[in-house]
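The values are calculated or read from the model by the stated rules, or taken from the named source; none is laboratory data. From a predicted model like this one, the values you see are computed outputs, not experimental measurements. Cβ: placed from backbone, ideal geometry, glycine included. Neighbour counts: every protein chain shown.
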C-alpha cells in the first residue's frame, strides 16, 4: 500500500460495468488511494451494488452522459482529497501507472497530467478507428484554437483539485475531456503528458462500439470546442 496516495481521489464514470469493476476496484483499494467514487450513469446490471459491496462511494448521476457521471461523482469528494484522478471502468488503462500519473501533482511539479496513449505501447486493436479519428480531431482543434500541442485526449488523467475547481467544468456529455484540456491551457496550468500503455476494453464500448455513440461523441467534441472558441475573449 502506497500511503502517499491517501490524498488522491479516483472518479470512475460507469454505465453497466459491474464485471469490470469487480476486477478494477480491488486493485485501486489495494493501492491505498484515499477515495474511490463511481459515477453510476444509470446502470441496470448492478454496477452500484458491486461498488458498495467493495466499500467505495457510489453516486447516481441524475442525467445520462459521461460528463454528468464525472460531475456527480466529484460532488462526493471528501475534504482530504487534493488530487483527482479520472479513470474509465473498462479495464483498458493500466492502473499500476497511477502512482506515476499523480506523482508530478503531489510533488507540485504539475497541475494536470494526461495519460497519453502511445501507439507503440497500445495493445493491438485497443483503439478503434472512430476513437483514433476523434482523438486526432480533438487534439488538432485545440492546436488550431489555442496553440497547444496535446498528444492525446486520454481518459486516464490526474489534476490538482484546486485547479479542477478553477476550471469550472460545464459539460455534462462527451465534451468533458476536451473542455478540461482547453480550460487547462487557458488558465496556464502546468500540464504534463505521461506516455501510458492501453489495452483492449473488456465488454462493448458505449461510445466507439455503436454508430450512435460515435456520432454523439463527435457532435459534443465539435460543439464544445465551438462554444469555448467563440467565448474565449469573454474569459480573457
Report, ordered by the first and then the second residue, all pairs with beta carbons closer than 6 Å, sequence separation of six or more or different chains, a first member in segment 177-195 that is more than 21 Å from residue 108 (Cβ to Cβ), and a second member that is assigned to a loop (DSSP other than H, G, I, E, B).
177/153; 179/171
Could you tell me which residue of segment 17-33 is surrounded by the most Cβ atoms within 10 Å (Cβ to Cβ), considering only residues that are touching a residue at least 40 places away in the same chain (Cβ under 8 Å) and farther than 15 Å from residue 95 by Cα?
17
Tally time: how many residues in segment 164-190 are within 15 Å of the chain's Cα centre (by Cα) and over 19 Å from residue 229 (Cβ atoms)?
2
Expected output for segment 100-122 (first residue part of a loop (DSSP other than H, G, I, E, B), partner surrounded by fewer than 16 Cβ atoms within 10 Å (Cβ to Cβ), Cβ below 7 Å, 6+ apart or cross-chain) is 110/190; 111/190
Taking segment 59-73 as the search range and keeping residues that are crowded, with 22+ Cβ neighbours inside 10 Å and free of Cβ contacts under 8 Å to residues at least 60 places away in the same chain, which one is farthest from residue 216 (Cα to Cα)?
72
Per-region count, segment 123-138, residues touching a residue at least 12 places away in the same chain (Cβ under 8 Å) and either assigned to a helix (DSSP H, G or I) or touching a helix residue (DSSP H, G or I) at 6+ places or on another chain (Cβ under 7 Å) (or both)
6
Working only within segment 210-236, note down all residues that are within 18 Å of the chain's Cα centre (by Cα) and modelled with pLDDT under 80.
213, 214, 216, 217
